[in-house]
Amino acid sequence: MRQAEEINESHLFYQEATRRPRLDRAEGIYLWDVHGKRYLDGSSGAMVSNIGHSNPRVLAAMKQQMDKSTFAYRLHFENGPAEDLASMTASLMPPGLNRIFFVSGGSEAIESCLKLARQYAFVTGQESRWKVISLYPSYHGSTLGASAVTGMQQFVEPFRDMIRVMPKIPAATCYLDRDGLSHEERGERYAEYLREEIERQGPETVLAFIMEPVGGASTGALVPPDSWFTRIREICREYNILLIADEVMTGAGRTGRFLASEWWDLEPDIIAVAKGFGAGYAPLGAMVAHERIVSAILDNGGFAHGYTYAGNPLACAAGLAVLQELLENKLVENADRQGRKLRVRLTELMDRYPFIGDVRGKGLLLAFELVRDRDSLQPLDPGLNAHLALVDEAYRRGLIIYSRRTRGGLVGDHFMVCPPLTITDAQLDELMELLTASIEAFAKSAGLPL
Ligand SMILES: Cc1ncc(COP(=O)(O)O)c(C=O)c1O
């Protein structure tokens, strides 16, 4: 056996600022490294472990399935776990969205949404429609199709010549605006960018609009005003454009509803879920589509798209147990309740630390952003590398949070605080204690005002 400290670089593809210790085990909201140090998972990994780690029910369901079979190919067998998970998922969706296409993660889910939308246009005499408008900043995944709709320069630029980069409109970053408008008026203004872009592109060429209802890592849990949702839904209907909700991060209860779309009765035409849907137990995601879209495609030969591991029985057995755990233990409601408390606690930090410029999010999809001063909301000096330095302070103290550059992925620093939906009051206290100590230490080392 290798020593825990031995350095093996054969699997590295990133220039990480710091090598991390090897994981030993995980349980509930905690993980332990091979040296026995304990970490509170304040970001559920990458907003994945919604029901916490090593959940006994899910592990038992997986073991039971493993004893029966771990793989059966779609063309040779149907399988019970996939059928049961599809029915249960459909029962949690808005009316009409009852077709579930299983995949192995978020990027595959998004890729499937884009291709289903296009094939629908193709088989219904709308071949001129192929453009998918998206937001800037946004993140929709790493495959080439998902990169074409992603609004983060660093993830798109090297691949630009290989893809057809899709039109972008600004995300509703209303908190940065200094224009005398109300929050709701700003929401309408940002939604109108969609109409303008559709007109500019030519409505007959636009296929869909894709968006994360609550922003993920690209914006740091940005929540658009209510008016934005009402208006973009109207605009999509007016122009007969499909609305695709990327609920890869927001889905499976993270925002305090099973889908974030429910907060605004959004009724998208196609939805992508992943992350919390498999909750870290199996590579699992799904595209959920409206009956009318899938029927039209089935009438014309079926979906020209698929993956070998789609509907894998082991992954689906895990997903089914994850959903049962979420529903029976009312974890979605817990995300709403604990999220409200955590949000208040994070907002209270603003009284102590003038360099916290904004606290935002919904449910347990929360983030705070650091700024030079609260009036201008200018980002901190990029040389401080706050997004790395504060995460490291927290990590040293046994707290994991997730950070990114916030303004288009280029400058600014935001921190996602998104613990598992199982988090208790005592664990919230512990999280806040560790976070406050980390912010204090970071501010001192960076010479920020206290
Ligand atoms: C909103 C959103 N969409 C898509 C993806 C891609 O998911 P995956 O990394 O599972 O391929 C992510 C991943 O972070 C995401 O946050």
What pairs come out if I take residues in region 415-428 that are within 22 Å of GLU393 (Cα to Cα) and touching a residue at least 40 places away in the same chain (Cβ under 8 Å) and pair them with residues that are assigned to a loop (DSSP other than H, G, I, E, B) and hydroxyl-bearing (Ser, Thr, Tyr) whose C-beta lies under 8 Å away, six or more apart or interchain? MET416/SER43; VAL417/SER43; CYS418/SER43; PRO419/SER43; PRO420/SER49
Applying the selection to region 343-358, what residues are surrounded by fewer than 24 Cβ atoms within 10 Å (Cβ to Cβ) and touching a strand residue (DSSP E or B) at 6+ places or on another chain (Cβ under 8 Å)? ARG343, LEU346, THR347, LEU349, MET350, PHE355, ILE356, ASP358
Can you tell me which residue among ILE235, ILE210 is buried (at least 23 other Cβ atoms within 10 Å of the Cβ) and touching a helix residue (DSSP H, G or I) at 6+ places or on another chain (Cβ under 6 Å)? ILE210
The lone condition ALA260 fails out of (1) within 20 Å of GLN324 (Cβ to Cβ); (2) out of contact with any Cys (no Cβ under 9 Å at 6 or more places or on another chain); (3) within 12 Å of the ligand (Cβ to nearest atom) is (1)
Residues of region 135-154 satisfying the condition of being at pLDDT below 95 and either within 11 Å of the ligand (Cβ to nearest atom) or under 16 Å from the mean Cα position of the chain (by Cα) (or both): MET152
So which pairs qualify, if the first residue must be in region 126-145 and under 16 Å from ILE198 (Cβ atoms), the second must be within 11 Å of the ligand (Cβ to nearest atom) and among the β-branched types (Val, Ile, Thr), the Cβ gap must be under 6 Å, and the two must be at least 6 apart or on different chains? VAL132/VAL149; VAL132/ILE210; SER134/VAL149; SER134/ILE210
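The values are calculated or read from the model by the stated rules, or taken from the named source; none is laboratory data. Keep in mind that what you see is a predicted model, and the values were worked out from it rather than measured. Quick reminder, even Gly has a Cβ in these numbers, built from the backbone with ideal geometry, and neighbours come from all protein chains shown.
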